[in-house]
Amino acid sequence: MSFNIKAPIIFIKDRFFKKYPETSNIPSNSGEVVMRGNKKVAIYKNKSGEEFLFSPYCTHLGCVINWNKEKKEWNCPCHGSVFSKTGEVKQGPAKKPLKKLEEESKGYIVEIIETKNLANNVKEFTTKKPKEYIFKPGQATNIAIINKKEDKIFRPFTFTSTNKQPFFKFIIKQYPSHNGVTKKLHKMKVGDKLLITEPFGAIHYKGEGIFLAAGTGINPFLAILRDLQEKNLKHNNIVILSNKTKKDIYLEKEVAEILKKENFISTLTEEKLPKYKNERINKRMVEEKLRRQKKYVYICGPQGFEESMREIVSKLGVTEENIVAEQW
């Protein structure tokens, strides 16, 4: 056994005090320990985007493992055990591989009760909801198709329903160029079943602010706005939404009705139409709204969008504590 005099300290610190991110936006061929609801999970994403989920605890004495970026493997900081990307033991003292997530939690099986086309390659799924399941508006869950012929591949999707409603709603966009999970999901029908995990996510409502979204990045904000409306809470939130064309927009009327007319801006980047701005979300556009709403800035969209929006609002004086952001 590799002796480490600091092992007990590391064990307690990593188990009970270290903060782990509530996200699964991991680059390909990389790993990370993240929070899923109230549980820590070790995730490795391969070059094809498939995720492998494990218990983050070393099978020797239970220390939380770390991802080694250089060697692309899992390391135990306590006694030196090494595990491969997909959990096999490469070096002891551990003798057993990392436990797969399915071994610890089978998740929840939910049945699709309604499907609806909302926009270009965008579909809304309504499923049954377990009575004991609780989530916060803005959170997501991992969804897998139940199919005995193939391994379950989980992908994160945001709840667009509220926790009070007796069902789940998910809005899922299919990318025709990707022959993956979203394409298979779009073929599913009423009566088909899905497997979901515990809720997770970095976006939570802290208070009034500006919501910056690109495409399906509006989804966590839909849940938040619906929750505020359901609770009859007055607010002065502002939404700036970017899409490529009008065909990509969905539930525009609902968002406009929840907000004041001047608090909803919809912009198109590849199409010129009346009543829509024809530009990307930029510093001038955000600065104009920050004059009226200076509290929080919520950001959700693809990696490049999230990074550019974060840079813009930081230059405009928004502190890191007041930025709530997540990539999809």
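The values are calculated or read from the model by the stated rules, or taken from the named source; none is laboratory data. It should be emphasised that the depicted structure is a prediction, and the values quoted were computed from it without experimental measurement. Virtual Cβ from ideal backbone geometry, glycine too; neighbours counted across all protein chains shown.
Things worth noting here:
- Apart from one condition, E254 fits all of (1) part of a helix (DSSP H, G or I); (2) at positive phi; (3) not basic (K, R); the exception is (2).
- Here K295 clears all of (1) under 28 Å from N163 (Cα atoms); (2) of a type in the set (K, R); (3) loosely packed, with under 14 Cβ neighbours inside 10 Å except the condition numbered (3).
- The strands (runs of 3 or more DSSP E) located wholly in region 29-123 that include 2 or more residues which are small (G, A, S) occupy 30-36.
- Of the residues making up region 83-114, those that are touching a Lys or Arg at 6+ places or on another chain (Cβ under 8 Å) and surrounded by 17 or more Cβ atoms within 10 Å (Cβ to Cβ) are F83, K85, G87, V89, V110, I112.
- Comparison of A223, A213, A202 shows that the only residue that is surrounded by 23 or more Cβ atoms within 10 Å (Cβ to Cβ) and either out of contact with any Cys (no Cβ under 8 Å at 6 or more places or on another chain) or in the same structural domain as Q139 (by TED's automatic domain parsing) (or both) is A223.
- Residue ID - surrounded by the most Cβ atoms within 10 Å (Cβ to Cβ), chosen from residues in region 45-67 that are under 17 Å from P21 (Cα atoms) and not hydrophobic (A, V, I, L, M, F, W, C): P56
- Selection status of D248, acidic (D, E), touching a residue at least 24 places away in the same chain (Cβ under 8 Å) and touching a helix residue (DSSP H, G or I) at 6+ places or on another chain (Cβ under 9 Å): yes
- Conditions (1) more than 22 Å from A202 (Cα to Cα); (2) touching a residue at least 60 places away in the same chain (Cβ under 8 Å); (3) surrounded by 16 or more Cβ atoms within 10 Å (Cβ to Cβ); number of the one not met by L268: (2)
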